[in-house]
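Okay, so here's the structure we're looking at.
The values are calculated or read from the model by the stated rules, or taken from the named source; none is laboratory data. It should be emphasised that the depicted structure is a prediction, and the values quoted were computed from it without experimental measurement. Glycine gets a Cβ as well: all are built from the backbone with ideal geometry, and neighbour counts include every protein chain shown.
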Amino acid sequence: MLELHNISFGVEADGGQKEIIRDVSVTVPDDKLVVVTGPNGGGKSTLARLIAGIEKPDKGSIIFNGKDITETSVTERAKAGIGFAFQQPVRFKGIEVFDLIRLATGRSITISDACGYLSAVGLCARDYVKREVDSSLSGGELKRIEIATILAKAPSLAIFDEPEAGIDLWSFKNLIEVFEGMRRDIKGSSILIISHQERILEIADEIIVIKDGSIASKGPRDEILPGLISTPSAVRECEALRTPAAVGKGGEC
């Protein structure tokens, strides 16, 4: 279980301190899928980075499975069972996809094992398992490979920062199935997703709305989602996915 107690975080801006997160307290229970949403610039991604350890809060504490991890590093948090998928994944020249997945598992695996994780995110495994994680991969391909590493790691807490960014429509539908499968198959774990997408909000157990660095509302999906819906979901998804993101070769073999 993840607990945030009165977290605040700011940055230097225009000669002063700009507060990005203000006195935020939330709980992400085990076996729950929680979606954090809200206006752009509201602090959602910053909150995810604070949980992952990429940033450190100015005030407050972060408790994970009963242990205070506020001052621990990204590496220590990863070892404790926190997995983080960036909005824009990192490229690793010279490292093959198979090696990246093997490192994520922390154990010896076969090519067949790695192919299973790639297939789960809609990539034809034989086309990708020996590819380098470099600029030859599109943004959509890289995003799906990163999600495959999270599946391989099977963390106690998986954090996804706008996983739909750069993903084509076919892959987005597959992505929903991946999240539902994680919630079903990885017992005792929890998933935290930063997203605007209604399809992702619809599979949440709980929704947290952040605006101007503070929590505007939070609660079970059935209580929060109706107040967020203002346009038909099909229209919103189409607009959100109408990007240069037919990026991904992926999918069918």
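Here are the numbers for the structure shown:
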| item | result |
| --- | --- |
| Search result, residues across the range 65-77 that are surrounded by fewer than 18 Cβ atoms within 10 Å (Cβ to Cβ) and within 18 Å of the chain's Cα centre (by Cα) | Val74, Thr75 |
| When residues of the range 81-96 are limited to those that are more than 17 Å from the chain's Cα centre (by Cα) and of a type in the set (A, V, I, L, M, F, W, C), the one surrounded by the most Cβ atoms within 10 Å (Cβ to Cβ) | Phe92 |
| Candidate set from the range 197-253 (those that are outside any helix (DSSP H, G or I) and exposed (fewer than 12 other Cβ atoms within 10 Å of the Cβ)); member that is modelled with the highest pLDDT | Pro220 |
| Boolean, Ile150 is β-branched (Val, Ile, Thr) and touching a Gly at 6+ places or on another chain (Cβ under 6 Å) | yes |
| Selected residue [closer than 12 Å to Ile101 by Cα and touching a helix residue (DSSP H, G or I) at 6+ places or on another chain (Cβ under 6 Å)] from Val121, Val129 | Val129 |
| Selection count where residues are of a type in the set (Gly, Ala, Ser) and in contact with a helix residue (DSSP H, G or I) (Cβ under 9 Å, 6 or more places away or on another chain), scope the range 132-148 | 2 |
| Close pairs (9 angstrom Cβ cut-off, 6 or more residues apart or separate chains): on the phi > 0 side of the Ramachandran plot and in contact (Cβ under 8 Å) with a residue 12 or more places away in the chain in the range 122-139, surrounded by fewer than 20 Cβ atoms within 10 Å (Cβ to Cβ) and assigned to a loop (DSSP other than H, G, I, E, B) anywhere | Gly122/Gly251; Gly122/Glu252 |
| Test result for Phe98, modelled with pLDDT of 90 or more, closer than 28 Å to Phe9 by Cβ and of a type in the set (Phe, Trp, Tyr) | no |
| Filter pass, Asp58 being free of Cβ contacts under 8 Å to residues at least 12 places away in the same chain and more than 18 Å from the chain's Cα centre (by Cα) | no |
| Entirely in the range 104-161, the helices (runs of 4 or more DSSP H) that have 3 or more residues that are among the aliphatic types (A, V, I, L, M) | 111-120, 139-153 |
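Okay, residues lined up against (1) without any contact (Cβ under 8 Å) to a residue 24 or more places away in the chain; (2) at negative phi; (3) surrounded by fewer than 14 Cβ atoms within 10 Å (Cβ to Cβ):
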position: Glu3; (1), (2), (3): no, yes, no
position: Ile7; (1), (2), (3): no, yes, no
position: Val11; (1), (2), (3): yes, yes, yes
position: Ile20; (1), (2), (3): no, yes, no
position: Pro29; (1), (2), (3): no, yes, yes
position: Gly38; (1), (2), (3): no, no, no
position: Gly41; (1), (2), (3): yes, no, yes
position: Ser45; (1), (2), (3): no, yes, no
position: Ile63; (1), (2), (3): no, yes, no
